[in-house]
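Undergrad: One structure, as structure tokens, below. Some questions next.
The values are calculated or read from the model by the stated rules, or taken from the named source; none is laboratory data. What you see is a predicted model; the values in this text were computed from it and never measured. Note: ideal-geometry Cβ built from the backbone for every residue, glycine included; neighbour counts use all protein chains shown. We work out accessible area using only protein heavy atoms, side chains counted, and drop any ligands, DNA or RNA first. Shrake-Rupley method; radii C 1.70, N 1.55, O 1.52, S 1.80 Å.
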Amino acid sequence: MLEGVLPIGTVVLLKDSQKRLMVIGICQKEVGQKEVIWDYAGCLYPEGYLGGDKVYLFNNDQIEKVFAIGYQDEEQFIFKQKVDKIMTDLRGEQKNV
């Protein structure tokens, strides 16, 4: 598995799933949940975003297979470094709660 967060646009299959998801958000909070932070928000692939009730929140450890890596450029690499650090810090805080 790849280290750290995956870029927007990455297509994955989650464990025990049959439908692929495309990453559309990183470091996401579920509405009404203050302490829980998910690694990703995703939408069905290839359908795309179908509305707020069709957004799926998941973590790296739930990914079974990566089918395609999303868009990568210099800005994304800088963003990834920052998000990887933030997610590591947040995961440490969640374990201490």
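Undergrad: Could you list all residues from the range 47-97 that are under 14 Å from the mean Cα position of the chain (by Cα) and of a type in the set (Gly, Ala, Ser)?
TA: Hits for the range 47-97 are 68, 70.
Undergrad: Also: Would you mention how many residues in the range 36-46 are free of Cβ contacts under 8 Å to residues at least 40 places away in the same chain and within 12 Å of the chain's Cα centre (by Cα)?
TA: 5
Undergrad: Also, quick follow-up: Residues that are open to solvent by 40 Å² or more (accessible area, probe 1.4 Å): find the strands (runs of 3 or more DSSP E) completely inside the range 17-97 holding 3 or more of those.
TA: Working: elements: 20-29, 37-44, 56-58, 63-68.
Those strands (runs of 3 or more DSSP E) span 20-29, 63-68.
Undergrad: Identify all residues within the range 1-16 that are assigned to a strand (DSSP E or B) and either farther than 11 Å from residue 63 by Cβ or among the acidic types (Asp, Glu) (or both); write none if there are none.
TA: Filtering the range 1-16 for residues assigned to a strand (DSSP E or B) gives 11-14.
Selection gives nothing.
Undergrad: Which one of these is modelled with pLDDT under 90 and under 10 Å from the mean Cα position of the chain (by Cα): 33, 28? Spell out the reasoning first.
TA: Numbers: 33 fails: under 10 Å from the mean Cα position of the chain (by Cα).
The match here is 28.
Undergrad: Next question. Pairs please, first residue from the range 8-32 and more than 23 Å from residue 77 (Cβ to Cβ), second anywhere and among the β-branched types (Val, Ile, Thr) and surrounded by fewer than 17 Cβ atoms within 10 Å (Cβ to Cβ), Cβ atoms under 6 Å, 6+ apart in sequence or on different chains.
TA: 30/36
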